[in-house]
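Below you'll find the structure, written out as structure tokens, and then a few comments.
The values are calculated or read from the model by the stated rules, or taken from the named source; none is laboratory data. Not measured: the values here are computed from a predicted model. FYI the Cβ positions are ideal-geometry reconstructions off the backbone, even for glycines, and counts take in every protein chain you see. Heads up: the accessible areas ignore ligands, DNA and RNA and are worked out on the full protein's heavy atoms, side chains in. Shrake-Rupley method; radii C 1.70, N 1.55, O 1.52, S 1.80 Å.
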Amino acid sequence: MNSRDLTDPELYINRELSLLEFNRRVLAQAKRDSYPLLERLRYLCIASSNLDEFFEIRVAGLKQQVEFGSGQRGPDNMSAEDQLAQISVVTHEIVNDQYVVLNEMLWPSLRAEGIYFLRREEWNDEQRKWVDEYFKEELAPILSPMGLDPAHPFPRVLNKSLNFIVTLDGQDAFGRKGGMAVVQAPRALPRVVKLPPEVATHDFDFVFLSSIIHARVGDLFQGMEVTGCHQFRVTRNSDLFVDEEEITDLRHALEGELPSRRFGDEVRMEIDSSCPEPVRDFLSAQFGLTKADVYLCNGPVNLMRLNRIPDLVDRPSLKFSSFSPSIPDRLNRVSNVFDVVRDGDVLLHHPFESFVPVLEFLRQAARDPDVLAIRQTLYRTGSDSAVVKALIDAASRGKEVLVVIELRARFDEADNIELATELQEAGAQVVYGVVGYKTHSKMILVIRRERDGLRRYVHLGTGNYHAGTARVYTDYGLMTCDPDIGDDVQQLFRQLTSTGQSGKLKKVLQSPFTLHDSMCKFVQREIEHHNEGRPSGVVAKMNSLVEPEIIQELYRASQAGVKVKLIVRGMCSLRPGVEGVSENIEVRSIIGRFLEHARIFRFENAGNSETYLSSADWMARNFFRRVETCYPIENKELADRIACHSLDNYLQDNSQAWLLQPDGSYEPQECNGTNEAPLSAQESLLRDLAN
């Protein structure tokens, strides 16, 4: 056995830098000529949105560590200061790359398809007249320019809002000399405006709100000369702090914190690249930011404003081909879902298979006179949720409905508070889980009276009960009436709603109690099998892998000769391919049409393989600070199907796969110029499962 210290910081990739590498892979999709043009534009928007959240949460947290003098370090032993320095370098590279993709790749390609984003100098007389009228009627009445002087201090700037710094010359009505002013664009205004057919000269002509304001900003400062107008945007700390030891009502505490998200500490400023350096420095000083925190934008300061374009442009040939999720034969055109589940477990693979059976499971439970109770966890549901409607229907029919709502689902807090109110008004019992532990597990329990007594029907998922994300996230859902799993899930709900010790679970592994130890022991068992000459191996698929103890167990397995194959979409702190430590570990990431979201763990176990699905990634928060579930797939046919579709298939992908290198970078695995046939795991699943 190799004696190298497995806690050596050189064996760990920094999680924040790994997350930025994930964003590079997302941005790379915007460069792929093989993808439809409007989908490439979406990837650019996703990359921009990812960076927003990265600064709002991750960078903000590091800046707080520096401010408070925290000496906290991760397994890579990087200080917060060192991380911020490297993050700035990498992120500036990514931002520059984004605007190269936009200006040199997407803009010309969009124009070739008759989709124009017209600059001010390109407007003809008719268009200019229309823009003038639009500004006069729609914008000027609600714009409030703020002059900057001792009586008018610098205004509060909302998180991620569109603003303009304006430099002025001349005198105003009170004889005050020109200086600077700030114009804030209200969030109600559309950031991209489509020109009407009567003035458009192409199939689709768009102008940016920023261009319109820039063109007419002088109207807001009568009698003065505008010498400069530059858009800027500030990103703020958007994490919510609630002292869970002091509060008595989590919902009310969160309601009080939500408004502060718009005015948290500044962490980044994006600004028009043509803005003069003295003006940039002035703004930086106002927000307490350094030059490392300032990002120059050769185009719109918020690329996410382009996200509406694919919906505004009716060009199917420029988008991914549509598909219809299939419904498994056992569930197709059946009148009673419970009869089907009683005959055997049902596995659903979204988005290739429909989310409708999950909704039908709830709808039938709401209407079935033999159903006595429904219990469910909710993390994210989306607006106008069919899931919530079914629960409300059940409560109105007198069923006992208990819903565990995780209020602290990041950026969905306000929606979840509203959801809790709606359910309570319908008569459902609503609780918010356990203080100090985020409820991230995905569970439905239906208790039904049948001839032989009460029977429990369960749905367990790897993803949220959100019909929208079920169309774009790859996830699994299991419907079962296995008595042991039913008993486990009932105990889990009792644990979430009551107090006291819960009994030992029979089959379901749970965070924060048994999941981490079980995963470590399963890896250790593979080492024992390998040492005894029995079949061994670990194949795991997840979103993130950063927890150091499980990484060390994987290193030990590799040192022993166990083959470890990991499919990790995003952050990965494990460093593969290190001599004497991780030569037997392969890590790949799949970035494709759908967001990979399922968590799957398969252990060879001497030829008696075991497969688990889970709501949890291999991160410290999932193992120790969340309520998570991990459940076995005991039906061999279903377990083999998961292995075929979501493990073996992905390990053979040579079209959308990226291999993690020992230095933390990723190399695309493409079959260009080889005799190898191209294989996209997601595309093959669309062909095999969807309609």
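Could you tell me which numbered condition GLY592 fails, if it satisfies all but one of (1) under 23 Å from LEU685 (Cβ atoms); (2) in contact with a Lys or Arg (Cβ under 9 Å, 6 or more places away or on another chain)?
Condition (2) is where GLY592 drops out.
ASN416 passes all but one of (1) in a helix (DSSP H, G or I); (2) at pLDDT below 95; (3) open to solvent by 10 Å² or more (accessible area, probe 1.4 Å); which number fails?
(3)
Of the conditions (1) open to solvent by less than 60 Å² (accessible area, probe 1.4 Å); (2) in contact (Cβ under 8 Å) with a residue 40 or more places away in the chain; (3) farther than 21 Å from TRP618 by Cβ; (4) over 30 Å from the mean Cα position of the chain (by Cα), VAL434 clears all except one; give me its number.
Unmet condition: (4).
The conditions are (1) surrounded by fewer than 18 Cβ atoms within 10 Å (Cβ to Cβ); (2) modelled with pLDDT of 95 or more, and LEU318 fails exactly one of them. Which is it?
The one condition LEU318 does not meet is (1).
Of (1) surrounded by fewer than 24 Cβ atoms within 10 Å (Cβ to Cβ); (2) more than 23 Å from GLU596 (Cα to Cα); (3) of a type in the set (A, V, I, L, M, F, W, C), VAL446 satisfies all except one. Which?
So the condition that VAL446 fails would be (1).
Only one residue in LYS31, LYS129, LYS136, LYS63 is not aromatic (Phe, Trp, Tyr) and not in a helix (DSSP H, G or I). Which one? Break it down stepwise before answering.
On the way: LYS129 fails: not in a helix (DSSP H, G or I); LYS136 fails: not in a helix (DSSP H, G or I); LYS63 fails: not in a helix (DSSP H, G or I).
Of LYS31, LYS129, LYS136, LYS63, the one residue that is not aromatic (Phe, Trp, Tyr) and not in a helix (DSSP H, G or I) is LYS31.
Does ASN307 satisfy being open to solvent by 20 Å² or more (accessible area, probe 1.4 Å), in contact with a Cys (Cβ under 6 Å, 6 or more places away or on another chain) and not hydroxyl-bearing (Ser, Thr, Tyr)?
Here the answer is yes, as ASN307 does meet what is asked.
Search the range 11-50 for residues being open to solvent by 50 Å² or more (accessible area, probe 1.4 Å) and in contact (Cβ under 8 Å) with a residue 40 or more places away in the chain, and hand back the single one that is farthest from the chain's Cα centre (by Cα).
Among them, the one singled out is LYS31.
Quick grid of which residues meet (1) more than 21 Å from ARG305 (Cα to Cα); (2) over 32 Å from the mean Cα position of the chain (by Cα); (3) open to solvent by 20 Å² or more (accessible area, probe 1.4 Å):
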residue	(1), (2), (3)
GLN98	no, no, no
GLN127	yes, yes, no
MET146	yes, yes, yes
PHE154	yes, yes, yes
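Matching residues to (1) surrounded by 14 or more Cβ atoms within 10 Å (Cβ to Cβ); (2) among the small types (Gly, Ala, Ser):
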position: GLN184; (1), (2): yes, no
position: ARG187; (1), (2): no, no
position: LEU195; (1), (2): yes, no
position: ASP203; (1), (2): no, no
position: PHE208; (1), (2): yes, no
position: SER211; (1), (2): yes, yes
position: ARG216; (1), (2): yes, no
position: MET224; (1), (2): yes, no
position: ARG233; (1), (2): yes, no
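If GLU53 meets every condition in (1) modelled with pLDDT of 95 or more; (2) open to solvent by 10 Å² or more (accessible area, probe 1.4 Å); (3) charged (D, E, K, R) apart from one, which number is that one?
The one condition GLU53 does not meet is (1).
Given the conditions (1) in contact with a His (Cβ under 9 Å, 6 or more places away or on another chain); (2) within 28 Å of PHE323 (Cα to Cα); (3) among the polar types (S, T, N, Q), and given that SER354 satisfies all but one, which numbered condition is not satisfied?
The single condition SER354 does not satisfy is (1).
Among the numbered criteria (1) in contact (Cβ under 8 Å) with a residue 40 or more places away in the chain; (2) of a type in the set (A, V, I, L, M, F, W, C); (3) under 30 Å from ALA690 (Cα atoms); (4) open to solvent by less than 40 Å² (accessible area, probe 1.4 Å), which single criterion is violated by VAL458?
For VAL458, the exception is condition (1).
Looking only at the range 630-654, how many residues end up being without any contact (Cβ under 8 Å) to a residue 60 or more places away in the chain and of a type in the set (S, T, N, Q)?
The qualifying residues number 3.
State whether one or more residues within the range 58-73 are hydrophobic (A, V, I, L, M, F, W, C), touching a helix residue (DSSP H, G or I) at 6+ places or on another chain (Cβ under 8 Å) and open to solvent by less than 10 Å² (accessible area, probe 1.4 Å).
Yes, the range 58-73 contains a residue that is hydrophobic (A, V, I, L, M, F, W, C), touching a helix residue (DSSP H, G or I) at 6+ places or on another chain (Cβ under 8 Å) and open to solvent by less than 10 Å² (accessible area, probe 1.4 Å).
Considering only residues that are open to solvent by 50 Å² or more (accessible area, probe 1.4 Å) and aliphatic (A, V, I, L, M), look in the range 321-351 and name the one that is nearest to ALA681 (Cα to Cα).
Among residues in the range 321-351 that are open to solvent by 50 Å² or more (accessible area, probe 1.4 Å) and aliphatic (A, V, I, L, M), the one nearest to ALA681 (Cα to Cα) is ILE327.
What is the residue count in the range 34-50 for residues that are among the aromatic types (Phe, Trp, Tyr) and not in a loop (DSSP other than H, G, I, E, B)? Lay out the reasoning, then the answer.
As a first pass, look at the range 34-50 and keep what is among the aromatic types (Phe, Trp, Tyr): 35, 43.
Filter once more, keeping what is not in a loop (DSSP other than H, G, I, E, B): 43.
Count: 1.
Among residues belonging to the range 395-412 that are open to solvent by 10 Å² or more (accessible area, probe 1.4 Å) and either in contact with an Asp or Glu (Cβ under 7 Å, 6 or more places away or on another chain) or modelled with pLDDT under 90 (or both), point out the one that is farthest from ARG494 (Cα to Cα).
Looking at the filtered set, the residue picked out is PHE411.
Might you let me know whether the range 113-124 holds any residue that is out of contact with any Phe, Trp or Tyr (no Cβ under 9 Å at 6 or more places or on another chain), over 30 Å from PRO9 (Cα atoms), part of a helix (DSSP H, G or I) and open to solvent by 10 Å² or more (accessible area, probe 1.4 Å)?
For the range 113-124, residues out of contact with any Phe, Trp or Tyr (no Cβ under 9 Å at 6 or more places or on another chain), over 30 Å from PRO9 (Cα atoms), part of a helix (DSSP H, G or I) and open to solvent by 10 Å² or more (accessible area, probe 1.4 Å): present.
Got a sec? Which of GLU667, GLU676, GLU683 is without any contact (Cβ under 8 Å) to a residue 24 or more places away in the chain, open to solvent by 20 Å² or more (accessible area, probe 1.4 Å), outside any loop (DSSP other than H, G, I, E, B) and farther than 26 Å from HIS530 by Cβ?
Checking each option against the conditions leaves just GLU667.
Quick one: LYS636 ticks every box in (1) over 21 Å from SER615 (Cβ atoms); (2) touching an Asp or Glu at 6+ places or on another chain (Cβ under 8 Å) except a single one, so which number is it?
Condition not satisfied by LYS636: (2).
Determine, yes or no, whether VAL95 is part of a helix (DSSP H, G or I), touching a Phe, Trp or Tyr at 6+ places or on another chain (Cβ under 7 Å) and in contact (Cβ under 8 Å) with a residue 12 or more places away in the chain.
Working: part of a helix (DSSP H, G or I): yes; touching a Phe, Trp or Tyr at 6+ places or on another chain (Cβ under 7 Å): yes; in contact (Cβ under 8 Å) with a residue 12 or more places away in the chain: yes.
Yes: the conditions hold for VAL95.
Which fully enclosed helices (runs of 4 or more DSSP H) of the range 198-296 have 3 or more residues being at pLDDT below 95 and touching an Asp or Glu at 6+ places or on another chain (Cβ under 9 Å)?
250-257
Which condition number in (1) closer than 30 Å to VAL340 by Cβ; (2) open to solvent by less than 10 Å² (accessible area, probe 1.4 Å) is the one that VAL538 fails?
It is condition (1) that VAL538 fails.
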